[in-house]
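Notes follow once the structure below has been shown.
The values are calculated or read from the model by the stated rules, or taken from the named source; none is laboratory data. None of the values given here were measured: they were computed from a predicted structure. We place every Cβ from the backbone using ideal geometry, glycine too, and count neighbours over all the protein chains shown.
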Amino acid sequence: MSSLSGPDDGPEPVVRRARWATAAMFATNGAVFANVVPRYPDIVAALDLDKAAFGTAVAAYGLGAVLAGLVAAALVNRFGSARVAVWGTLAVAANLVLVGAAPSWLLLALALGLAGALDSVTDIAENAQGLRVERLHGRSILNSMHATWSIGAVVGGAMGSAAAGLDVPLVPHLAVAAATAIAVALVARPRLLPGRDPAPGPDPAAATDPAARSGRGRRQLGLVGLLAALAVVGSMAQGIEDLTSTWSALYLREDLGAAAVVGGLGFVALQSLQTVGRLVGDRAVTAWGDRAVARAGAALAAAAMGLALLVGSPGLTVAAFGVVGLGIGTLIPSSLRAADGIVGLPRGLGLSIIGMGFRVTLLASPLAMGVLAQRQGLGAVITVVPVAALVVLVLAGALPGRPRS
């Protein structure tokens, strides 16, 4: 009989503790930087930035993430996922205060670039630890861990919105958020699985063939097209998330006249219902398939935000961001799952390609949206949300259909 589980009590205590400790790390990772998002208007006002300068500064986050992503796997392999996740969280939290205290555009951009680099490394380490726990647990639990990330982001966004509404000074607010994250990481540290992570073994899920429908004669071109479509589908979801975190508060407050406490609620609404989408997504995908769920969610997101843009009501716009979050909740996991299951690609290559697409999106989106906001206004930036959802609607055919019984 396996020592990891029993008929009554499930996995052994060390695995259960590691699961909850890893979930706490995911939640902390979601919460830390989410505290900054509702305070972006305060940072813009304090530094007297125009929209293009602000977008360029935020793009430094994506640049840092791209550069650090190239070395993150080596750090995890060298020091182990638990150690990198904890130390990464401590560094992310400390840097949070530097973001709030930056006295100039240049120092803000440097702090945001460092934030992106640290978050990229921490994120990879936490996912590696989560997958290690999942293998010992004996069943899929990584989706629920990603849901705890979303819950953390909601809590962090709510903290930031409340602090903005109460006129709490930026640096003390972020210092409290950083101290909380550090405390959680230190409590979780001894409960994580220690040591270096074992080399990955064969994955039974790799036996699936979502690309089997591709013709043999055009297989190479078909693989490139399939990967490109999957990268775009996932990147559209990543772009919508990034756009909402960066621009929703400014749009609600400056264009729609919402109060400061309401300005941060667009991001909170998206993260809240994205969490719901992730919690129910596994059952929905099992019942109807990745493709149908993605198409339904994309159509819902496009319709909701399109209506909100026409009406121009702060309350309806916040609700629309929530519906968008629900609609895009499964897109990133679905695109990663499909890419990892493509027959003919080396194990992990599909994931690496899709992941690089996400990081490039994080880099390019703030730059492009900053220029768009400067030239056409914040409403034009928010219009990108339904447009991106329509792109997903068109390209969702690259995702697997309903599993055959």
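For the residues Arg278, Arg283, the requirement of being of a type in the set (Lys, Arg), crowded, with 22+ Cβ neighbours inside 10 Å, at pLDDT below 90 and outside the structural domain of Ala164 (by TED's automatic domain parsing) singles out Arg278.
Yes or no, residue by residue, for (1) within 14 Å of the chain's Cα centre (by Cα); (2) among the aromatic types (Phe, Trp, Tyr); (3) at pLDDT below 85; (4) part of a loop (DSSP other than H, G, I, E, B):
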position: Ala111; (1), (2), (3), (4): no, no, no, no
position: Leu114; (1), (2), (3), (4): no, no, no, no
position: Asp123; (1), (2), (3), (4): yes, no, yes, no
position: Asn127; (1), (2), (3), (4): yes, no, yes, no
position: Arg132; (1), (2), (3), (4): no, no, yes, no
position: Met145; (1), (2), (3), (4): yes, no, yes, no
position: Ser150; (1), (2), (3), (4): yes, no, yes, no
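All of Gly312, Gly329 fail the test of being touching a Leu at 6+ places or on another chain (Cβ under 9 Å) and either modelled with pLDDT of 95 or more or closer than 20 Å to Ser150 by Cα (or both), apart from Gly329. Taken as a whole, the condition of being closer than 24 Å to Thr148 by Cβ, buried (at least 20 other Cβ atoms within 10 Å of the Cβ) and charged (D, E, K, R) does not apply to Arg253.
Within the stretch 338-372, the set of residues being at pLDDT 90 or above and surrounded by 24 or more Cβ atoms within 10 Å (Cβ to Cβ) comprises just one member, Met369. Does Gly62 meet the test of being closer than 17 Å to Asn35 by Cα, in a helix (DSSP H, G or I) and either in the same structural domain as Ser235 (by TED's automatic domain parsing) or in contact with a Lys or Arg (Cβ under 8 Å, 6 or more places away or on another chain) (or both)? For Gly62, the condition - closer than 17 Å to Asn35 by Cα, in a helix (DSSP H, G or I) and either in the same structural domain as Ser235 (by TED's automatic domain parsing) or in contact with a Lys or Arg (Cβ under 8 Å, 6 or more places away or on another chain) (or both) - is not met.
The residue that is farthest from Phe33 (Cα to Cα), counting only those in the stretch 77-93 that are surrounded by fewer than 20 Cβ atoms within 10 Å (Cβ to Cβ) and at pLDDT 95 or above, is Trp87.
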